[in-house]
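A.B. asks: Here's a structure for you.
The values are calculated or read from the model by the stated rules, or taken from the named source; none is laboratory data. Since the model is a prediction, treat every value here as computed from it, not as a measurement. Here the Cβ is made from the backbone with ideal geometry for all residues, glycine too, and neighbour counts use every protein chain on show.
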Amino acid sequence: MNPMFDFSALPPHLQRSLSASLQKTITTPTIICSQDQIAANLHSLLQQLEFPASDVYFPVKVNHTPEVIACLNQLGTNFEIASLGELSILETLKISAQRIIFSNPIKIPSHICAAYHYGIRDFAFDTETELEKIAIHAPQSSIFARLSISNLGAEWALNDKFGIPQTEVVRLMKKAKELNLNPSGIAFHVGWNNKNPETYSNAIGIVSELLEELSRNDIHLKFLNIGGGFPAHNCDSYVLLEAIAHKIKPQLDALQKQYGIRIIAEPGSFLLANAAAMVCKVVEVIQRENKRWIFLDSGICQGFQWVMSQISYAVIYPYHIPKETSFQHYIITGPTCDSHDVFAENVHLPDTIKSGNFMLVFPAGAYISSAQHYNGFDYPETLVIG
Ligand SMILES: Cc1ncc(COP(=O)(O)O)c(C=O)c1O
């Protein structure tokens, strides 16, 4: 490690990647991502849930950098997509259709069609109209139901926008059969960064009731997809996952035993969030009236727009700080001309900070680089007419 820098606030593998990067000339802003940290996160998850890597379907939306996808591919995970754009990334890396599921419950018809032609046969749904669309564009495919569950404890809930009420699942699975589709699974998502073991456990309890009811109706599912949402942001993710795994493993084991069902998951942030930090530089330090501002060469408009939804990121001064240093409170802002481009206010940092210093924004592995063309959807073109 370079003695000038102090990366001790960050996970060990990322520390090494940063140390190696900052010793060279580095253009800023750059996101430094550690493959070893991704591997360590995956290893921890597989150990705690007692999964093989092939039961992990990595959500491409979380980080679609080709090297990240290639790293996970090498580690043996499978993949989950939400759009044709995400499929194109996997196609370029020659990831076969058998290793991809299409988990977006509401899909654009042409995207279903393209996925079907690529060979994908597993599609999520949460409405009758979606089943009808899948039956037309991906005939005889397997479908899995996205169940509506409580997202209690999530920092960002997803259950308003998606999900079938428990009482509707059997009816829709029967409808799928009528449409010559193959009911094969059930999925849920506890919402982003959910630290509450009870929420996972209650969801599995509901699935257990549904599996019973479905089997009474001669519908026998092949998998339960417990989604993502595992704690990953600004927390001790391994310790929190241990508590969740401790709570749900006996339930999952019981379902596997009773119904011979495979358990899969779609962890995104858990694998990626803490594997990267953004390296940027201080452009100016400015005192305006009683406020002190640090202007960085990258801001929330460069992938951190989640800040506007109250998600917080740490801004780290990555140098050893001499004992006698005094501190100031700063507002940390980006380079754009917009006043909302603020990472954080009241950040306590040394008063010696000056232009040209490196700064880190962490965590930056999940949903940051992929905020460009998020979820693989194109930006609209502008047609200038008349
Ligand atoms: C269907 C689906 N699976 C997995 C994920 C990944 O969730 P997380 O990053 O919380 O692990 C998401 C995120 O929105 C999702 O929508």
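A.B. asks: For segment 267-311, what are the residues that are within 16 Å of the ligand (Cβ to nearest atom) and not in a loop (DSSP other than H, G, I, E, B)?
C.D. replies: 269, 270, 271, 272, 273, 274, 275, 276, 305, 306, 309
A.B. asks: So which residues in segment 86-99 are touching a residue at least 12 places away in the same chain (Cβ under 8 Å) and of a type outside the set (Val, Ile, Thr)?
C.D. replies: Across segment 86-99, the qualifying residues are 86, 87, 88, 90, 91, 93, 96, 97, 98, 99.
A.B. asks: Are there any pairs, at least 6 apart or on different chains, whose C-beta atoms fall under 6 Å, with the first in segment 186-210 and farther than 18 Å from residue 173 by Cβ and assigned to a loop (DSSP other than H, G, I, E, B) and the second within 13 Å of the ligand (Cβ to nearest atom) and of a type in the set (D, E, K, R), and if so, which?
C.D. replies: Matching pairs, first to second residue: 193/155.
A.B. asks: Here's a follow-up. Among residues belonging to segment 144-171 that are out of contact with any Leu (no Cβ under 9 Å at 6 or more places or on another chain) and not in a loop (DSSP other than H, G, I, E, B), point out the one that is farthest from residue 212 (Cα to Cα).
C.D. replies: If we take residues in segment 144-171 being out of contact with any Leu (no Cβ under 9 Å at 6 or more places or on another chain) and not in a loop (DSSP other than H, G, I, E, B), then 156 is farthest from residue 212 (Cα to Cα).
A.B. asks: Only one residue in 248, 264, 244 is within 16 Å of the ligand (Cβ to nearest atom), in a strand (DSSP E or B) and in the same structural domain as residue 102 (by TED's automatic domain parsing). Which one?
C.D. replies: The conditions single out 264.
A.B. asks: Another question about this same structure. Can you name the residue in segment 354-371 that is in contact with a His (Cβ under 9 Å, 6 or more places away or on another chain) and in a helix (DSSP H, G or I) and, of all such residues, is surrounded by the most Cβ atoms within 10 Å (Cβ to Cβ)?
C.D. replies: It comes out as 370.
A.B. asks: Name every residue in segment 308-336 that is under 28 Å from residue 156 (Cα atoms) and among the hydrophobic types (A, V, I, L, M, F, W, C), in order of residue number.
C.D. replies: 308, 311, 314, 315, 316, 331, 332 - these are the residues of segment 308-336 that are under 28 Å from residue 156 (Cα atoms) and among the hydrophobic types (A, V, I, L, M, F, W, C).
A.B. asks: Next question, about the same structure. Out of all the residues in segment 18-45, which are more than 15 Å from the ligand (Cβ to nearest atom) and in a helix (DSSP H, G or I)?
C.D. replies: Across segment 18-45, the qualifying residues are 18, 19, 20, 21, 22, 35, 36, 37, 39, 40, 43.
A.B. asks: Something else: Go through segment 51-85 and give me each residue that's touching a Phe, Trp or Tyr at 6+ places or on another chain (Cβ under 8 Å), touching a residue at least 60 places away in the same chain (Cβ under 8 Å) and assigned to a helix (DSSP H, G or I).
C.D. replies: Residues satisfying the conditions are 60, 61, 62, 72, 85.
A.B. asks: Considering only segment 318-342, how many residues are in contact with a Phe, Trp or Tyr (Cβ under 8 Å, 6 or more places away or on another chain) and under 19 Å from residue 277 (Cβ atoms)? Lay out the reasoning, then the answer.
C.D. replies: Filtering segment 318-342 for residues in contact with a Phe, Trp or Tyr (Cβ under 8 Å, 6 or more places away or on another chain) gives 318-320, 330-335.
Filter once more, keeping what is under 19 Å from residue 277 (Cβ atoms): 318-320, 330, 332-335.
Number satisfying all stated conditions: 8.
A.B. asks: Here's something else I'd like to know. Would you call residue 37 free of Cβ contacts under 8 Å to residues at least 12 places away in the same chain and either under 24 Å from residue 233 (Cβ atoms) or not assigned by TED's automatic domain parsing to the domain that holds residue 357 (or both)?
C.D. replies: Numbers: free of Cβ contacts under 8 Å to residues at least 12 places away in the same chain: no; either under 24 Å from residue 233 (Cβ atoms) or not assigned by TED's automatic domain parsing to the domain that holds residue 357 (or both): yes.
Spelling it out, it is not the case that residue 37 is free of Cβ contacts under 8 Å to residues at least 12 places away in the same chain and either under 24 Å from residue 233 (Cβ atoms) or not assigned by TED's automatic domain parsing to the domain that holds residue 357 (or both).
A.B. asks: Separate question: Looking at (1) surrounded by 19 or more Cβ atoms within 10 Å (Cβ to Cβ); (2) over 17 Å from the mean Cα position of the chain (by Cα), which one does residue 180 not meet, given that it meets all the others?
C.D. replies: For residue 180, the failing item is (1).
A.B. asks: For segment 132-143, which residues satisfy the criterion of being buried (at least 23 other Cβ atoms within 10 Å of the Cβ) and assigned to a helix (DSSP H, G or I)?
C.D. replies: Correct list: 134 only.
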